[in-house]
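Participant: First the structure, then my questions, so here it is.
Each value in this text was obtained by applying a stated rule to the coordinates, not by laboratory testing. Everything quoted here is computed from the prediction, not taken from an experiment. Note that each Cβ is placed from the backbone with ideal geometry, even for glycine, and that neighbours are counted across all protein chains shown.
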Ligand SMILES: [Zn+2]
């Protein structure tokens, strides 16, 4: 006895999922001859219904939307629709389709009855008996293109097995439309619970309810979202939210999942693949576990296009959702786009963003914990308004100065400064600023609602690396041996040029508070950027550890930045 398994062929697999959904099996291997028969009866009932063929309803789904998947199939072919009344024409089409489907079913059953065979199926790669094989072309298998019906080796089509041919007949039961552009798509995954849920809910149930209401059939498209990527992510969120209990495991241990956007109409087919990163599925799963309301907020505020929007507001929202969805699928940074400075809001909520940074962007939790604490301190300060405005207008290079000031004020330890702005990660400065603003906006949001800010509970432990250890030992020697330390620190923080910084260091060498090799370390030849960065780390250490010794003039003076 042959068994049904995944084939790796997207169209065939999506059809198998639709069969499994209507047969209500938990594994493809459980599918029997009886299941196939039952599934075929259901398919006929849907596709040959009056509502599919256009009897008594506005449009013929079978000849319009369906022909985008199977052009010139038995349901479309004009010769089948010739002569007689509408009823007679429809009856002729029904006959043609029934007998074609019956032939497919017989060949599929042969595949189940006989193991092995003399031919290899082009779609599933299984060995099958010759009598179970069939030649298919574009009308039965999407995207089989060829010049005037010629296929590889001048064959008249491609030989596939009866099981693959039958499964592909069910593809429409797994196909959906995307938001806004209405393109056809389906999800290719070997996670059967997800694949069957999609087919069950947006395929079979959707079509059945249209038939019950006597409405024209069409593929499911009632998404409140925009764009291809947006629709795919919206669906994944909706499934998780509604069937969390049954689907959680699949999200926790995801299998490779790809969304295919495609068309197979006669004007020329196309297909594009959107791979869905596992990290993203795990992120959604963990967010849903952590807090259902945070999950829903992230989903609603980042992926939903509310029905009531119109005109320019609708346009703007569509653009935003498309951008965010695209970035999510590519695992890119989204925080900056989600900060609404006009209303001081973080779209998507902090819990969602924090987890995204952690799970998808791989940001260490220690860094997030530091920024959370700092953000709350800023939000709670007396001059919060002024400081928030400063952060908003701060560019990347200026951020070092702002954070150094926080160290000087005792809001940040020098190790924390180092962790937030580590060497060789210049690009992360922008993200640090965005996270601070995100925390501040969310904290204010919680205050207004009288809610508790969802702060991380983790204790932060930082272990210094080689560079920081060196800075620490240099700083300690300066603290111990330099007379009038405060004045010296004041000179260092106001030095505007590399030459001036070098001169300040030299004065410490002269007084025996800085070793010559440390001087060389702090002033590397020809590397101006590194010199300024090391100065920032050294200042941070001295602000932090020598705070008691700092005079008023040091505390007031503006810290110079590289010119
Ligand atoms: Zn096959």
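Participant: For q values of 0.08, 0.09, 0.16, 0.19 Å⁻¹, compute log₁₀ I(q)/I(0) with the Debye formula on a Cα-only model of region 181-327, without solvent.
Facilitator: Treating every Cα as an identical point scatterer, log10 I(q)/I(0) equals -0.24, -0.30, -0.97, -1.31.
Participant: In what sequence do 253, 414 fall when counting other Cβ within 10 Å, fewest first?
Facilitator: Working: 253 12, 414 23.
Least to most surrounded, the residues fall as 253, 414.
Participant: For residue 481 and residue 466 in the same chain, what is the full-extension length gain: residue separation times 0.36 nm, less their Cα-Cα distance, in nm?
Facilitator: On the way: separation 15, 0.36 × 15 = 5.40 nm, distance 2.27 nm.
Here the segment from residue 481 to residue 466 would lengthen by 3.1 nm.
Participant: For a footprinting-style exposure proxy, rank 363, 173, 389 by other Cβ within 10 Å, fewest first.
Facilitator: 389, 363, 173
Participant: For the ranges 514-520, 22-28, 254-260, 434-440, what's the packing order if you count other beta-carbon atoms within 10 Å of each residue, average per peptide, and put the highest first?
Facilitator: Details: 514-520: 13.9, 22-28: 15.9, 254-260: 18.0, 434-440: 24.4.
For the peptides 514-520, 22-28, 254-260, 434-440, the packing ranking is 434-440, 254-260, 22-28, 514-520.
Participant: Something else: Quick one: compute the contact order of the chain, relative version, from alpha carbon pairs under 8 angstrom and 6+ residues apart, as a percent. If you can, show how the numbers build up before the last one.
Facilitator: Values: 831 pairs, mean separation 61.0, N = 563.
Relative contact order comes out at 11 percent.
Participant: 222 nm [θ] for the chain, helices only, -39500 (n - 2.57) per DSSP H run of 4+, per residue, to 500? Please report the intermediate quantities before stating the final value.
Facilitator: Values: 24 runs with 303 residues, N = 563.
Roughly -17000 deg cm²/dmol at 222 nm, from the helical runs in the chain.
Participant: While we're here: Taking every pair of Cα atoms in the chain, average 1/r, invert it to obtain the Kirkwood radius, and report Rg/Rh to two decimals. It would help to have the intermediate numbers written out before the result.
Facilitator: Numbers: Rg = 32.5 Å, Rh = 28.0 Å.
Here Rg/Rh amounts to 1.16.
Participant: A further question follows. Counting alpha carbon pairs within less than 8 Å and at least 6 residues apart, what relative contact order, in whole percent, applies to region 78-236?
Facilitator: On the way: 200 pairs, mean separation 26.8, N = 159.
Relative contact order here is 17 percent.
Participant: For region 51-104, what is the per residue volume of the convex hull drawn over the alpha-carbon atoms, in cubic angstrom? All intermediate terms of the calculation are to be shown ahead of the outcome.
Facilitator: Values: hull volume 4.0 nm³, N = 54.
Dividing the Cα hull volume of region 51-104 by its residues yields 74 Å³.
Participant: Of all the C-alpha pairs in region 438-563, what % are more than 20 Å from each other? Walk me through the intermediate numbers first.
Facilitator: Values: 4089 of 7875 pairs.
So the portion of pairs separated by more than 20 Å is 52 percent.
Participant: Enter the angle in degrees (range 0 to 90, nearest 10) between the Cα long axis of helix 485-494 and the first principal axis of the Cα atoms of the chain, meaning the one along which they spread out most.
Facilitator: Its long axis makes an angle of about 50 degrees.
Participant: Listing 231, 393 from the residue with the fewest other Cβ atoms within 10 Å to the one with the most, what is the order? Each step should come with its number before you reach the end.
Facilitator: Details: 231 27, 393 8.
Fewest-to-most ranking of 231, 393: 393, 231.
Participant: Could you give the distance between the Cα centres of region 402-436 and region 335-356, to the whole Å?
Facilitator: With region 402-436 and region 335-356 each reduced to a Cα centre, they are spaced 20 Å.
Participant: On the Cα set of region 168-260, report Rg and Dmax in Å, please.
Facilitator: Final numbers for Rg and Dmax: 13.1, 41 Å.
Participant: Regarding region 265-422, what are the three Cα extents along the principal axes, ordered largest first, in Å?
Facilitator: Here the spans come out as 69, 36, 32 Å, largest first.
Participant: Between 0 and 90 degrees, rounded to the nearest ten: what's the tilt of helix 428-449 against the longest Cα principal axis of the chain?
Facilitator: With both axes taken from Cα atoms, the answer is about 80 degrees.
Participant: Another question, if that's okay. I'd like the orientation of helix 498-510 relative to the chain: the angle between its Cα long axis and the longest Cα principal axis, in ° from 0 to 90, rounded to 10.
Facilitator: 50 degrees
Participant: Further, regarding this structure: Output needed: percent of Cα pairs per 5 Å distance bin for region 257-358, bins running from 0 to the one holding the longest distance.
Facilitator: Bin by bin from 0 Å, the calculated values are 2, 11, 18, 21, 18, 13, 9, 4, 2, 1, 0.
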